[in-house]
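Each remark here refers to the structure printed beneath this line.
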Amino acid sequence: MNVRIEESWKRQLASEFEKDYFVRLTEFVRQEYAQGTVYPPGRLIFNAFDLCPFDKVKVVIIGQDPYHGPGQAHGLCFSVNDGVPFPPSLVNIFKEIESDLGTPVPTSGNLTRWANQGVLLLNATLTVRAHQAGSHQRQGWEEFTDAAIRTLATEREGLVFILWGAYAQKKGAFIDRSRHLVLSSAHPSPLSAWHGFFGNKHFSRANEYLVSQGKEPIVW
């Protein structure tokens with residue numbers, strides 16, 4: 001199959017594109033885009049991979065679903081396009097960065113600047129029907145993103161995996177903690193942020209680990 005995705009990821013995930021589940025997933029996604037509004041725009045489905053080649057990944061943040069409102073999703077978990085109001089979870093992420101590192105809250109919620117530094121901002125499900133959260137779950141995306149996480153965990157060393165909330169923690173349960181730093185806490189959503197997300201210091205802890213591995217820290 002001719003999947004338009006960054007070349008290093010295309011090589012790493014080549015076997016996935018030939019599997020039955022991915023063929024079915026592709027057909028489902030094509031039909032969904034043909035029949036109505038789906039986010040993100042088709043060209044940005046693999047944006048997380050395109051902006052962060054396999055060998056450049058330093059940190060992995062796992063989200064669940066793309067935002068399902070107009071103009072928000074652009075293929076990076078928790079991120080929104082320039083000029084779009086910050087969703088509540090992103091507000092809390094910026095609050096924690098400010099508390100942890102003293103970095104002021106930015107004017108844009110576009111996290112492309114993180115991706116360009118080696119942060120893979122990966123949703124478990126890469127597409128969603130407009131205004132219908134979870135509408136593309138259990139169609140095959142989860143298997144595909146599991147494969148991406150697995151190849152990073154097995155082929156690379158010294159990465160940081162950030163798992164916020166029970167869903168992400170379950171998805172990253174197999175990661176070898178002796179080879180990578182795995183940071184887990186409550187999710188940054190307003191429902192849970194006060195139960196262990198605030199004060200987790202994941203951003204400074206990630207940078208300390210990267211420096212210990214001889215890598216450049218992330219400018220959060």
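The alpha carbon centroids of region 51-116 and region 139-190 are separated by 17 Å. The largest accessible area among 170, 201, 215 belongs to the first residue in 170, 201, 215, and the rest follow in falling order (1.4 Å probe, all chains). Please return the longest range in the chain lying between exposed loop sites, taking GluC sites (Glu not before Pro), DSSP loop only, at most 12 other beta-carbon atoms within 10 Å, and leaving the sites out. Longest stretch, sites excluded: 19-156.
Per-residue Karplus couplings for region 187-200, computed as 6.51 cos²θ - 1.76 cosθ + 1.60 with θ equal to phi - 60°, are listed in order as 6, x, 5, x, 5, 10, 4, 7, 9, x, 7, 4, x, 6 Hz, Gly and Pro entered as x. For region 42-49, putting each phi into the Karplus relation 6.51 cos²θ - 1.76 cosθ + 1.60 with θ = phi - 60° gives couplings of x, 5, 9, 4, 9, 4, 4, 6 Hz, in residue order, rounded to whole numbers and with x for Gly and Pro. The residues packed around residue 106, meaning those with a beta-carbon under 13 Å from its beta-carbon, carry a net charge of 0 if Lys and Arg are +1 and Asp and Glu are -1.
With both bridge residues required to lie in the chain, what share of the DSSP beta bridges run antiparallel, to the nearest 5%?
Here the share of antiparallel DSSP bridges comes out near 10 percent.
Electrostatic bookkeeping for residue 68 treats Lys and Arg as +1 and Asp and Glu as -1; over the other residues with beta carbon under 15 Å from its beta carbon, the sum is -1. Comparing 89, 189, 178 in a Gaussian network model of the chain where C-alpha atoms under 10 Å apart are linked, the largest mean-square fluctuation is found at 178. Charging the Cβ of each Asp and Glu at -1 and of each Lys and Arg at +1, and nothing else, the dipole of the chain about its Cα centre rounds to 120 debye.
Per residue of the chain, the DSSP helices (runs of n ≥ 4 H) give a summed -39500 (n - 2.57) that works out to -10500 deg cm²/dmol at 222 nm.
Using a 1.4 Å probe, what is the accessible area per residue for the chain, in Å²?
That works out to 46 Å² for each residue.
Residue-wise HN-Hα couplings along region 14-22, as the Karplus relation 6.51 cos²θ - 1.76 cosθ + 1.60 with θ = phi - 60° gives them from phi, are 3, 5, 5, 5, 8, 6, 4, 4, 6 Hz; Gly and Pro carry x.
Calculate what fraction, in whole %, of the accessible area of region 150-220 sits on carbon and sulfur atoms when a 1.4 Å probe is rolled over the protein chains.
It is 55 percent, rounded to a whole number.
From the cross-link list 56/215; 95/201; 95/170; 58/201, which pairs have alpha carbons spaced over 22 Å apart? From the list (56/215; 95/201; 95/170; 58/201), the Cα-Cα distance tops 22 Å for 95/170.
The values are calculated or read from the model by the stated rules, or taken from the named source; none is laboratory data. Every value quoted in this text rests on a predicted model; they were computed, and no experiment measured them. Virtual Cβ from ideal backbone geometry, glycine too; neighbours counted across all protein chains shown. Areas reflect the complete protein model, heavy atoms only, side chains present, ligands, DNA and RNA absent. Shrake-Rupley method; radii C 1.70, N 1.55, O 1.52, S 1.80 Å.
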